[in-house]
Amino acid sequence: MTLASYVLGFVLSSMIGFGFHVWKGGRLSKILLYLILGWVGFWGAQILGASLNWEFLAVGKLLVGLDIVGAIIILLLGHWLSLVNQDEE
């Protein structure tokens with residue numbers, strides 16, 4: 001992969017994480033969580049897709065379609081896990 005692929009992937013995954021934060025709302029501290037989850041999901045799907053030779057909406061070596069789906073799945077899972085109520089006794 002080229003440097004341009006890495007930059008495009010970083011920008012796309014950051015936009016997905018930020019967009020999820022705007023959609024779900026929440027405190028400013030949650031934006032960091034959503035950005036990290038977006039990065040992990042995006043690049044995790046990239047590694048998985050590249051190792052299994054899956055191609056879905058590829059832009060060069062970057063598997064954009066699969067990466068977006070991976071980022072959204074990880075963001076939804078992470079958001080669901082962050083809803084744990086810690087006030088229960």
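Worth pointing out:
- If the condition is being in contact with a His (Cβ under 7 Å, 6 or more places away or on another chain) and either over 20 Å from V64 (Cα atoms) or acidic (D, E) (or both), then the range 2-35 contributes K24, K30, I31.
- Pairs are defined by a Cβ separation below 6 Å, a sequence spacing of at least 6 or placement on different chains, a first member in the range 1-18 that is open to solvent by 70 Å² or more (accessible area, probe 1.4 Å), and a second member that is assigned to a loop (DSSP other than H, G, I, E, B); the pairs so defined are M1/K61.
- Candidate set: the range 28-64, residues that are touching a strand residue (DSSP E or B) at 6+ places or on another chain (Cβ under 9 Å), at pLDDT below 90 and part of a helix (DSSP H, G or I); chosen: the one least open to solvent (accessible area, probe 1.4 Å): G49
- Those residues of the range 65-74 which are open to solvent by less than 90 Å² (accessible area, probe 1.4 Å) and more than 19 Å from A4 (Cα to Cα), in sequence order: V69, G70, A71, I72, I74
The values are calculated or read from the model by the stated rules, or taken from the named source; none is laboratory data. Remember, it's a predicted structure, so these values are computed and weren't measured experimentally. Ideal geometry is used to build each Cβ from the backbone, glycine not excepted, and the neighbour counts take in all protein chains shown. For accessibility, only protein heavy atoms count, side chains too; no ligands or nucleic acids. Shrake-Rupley method; radii C 1.70, N 1.55, O 1.52, S 1.80 Å.
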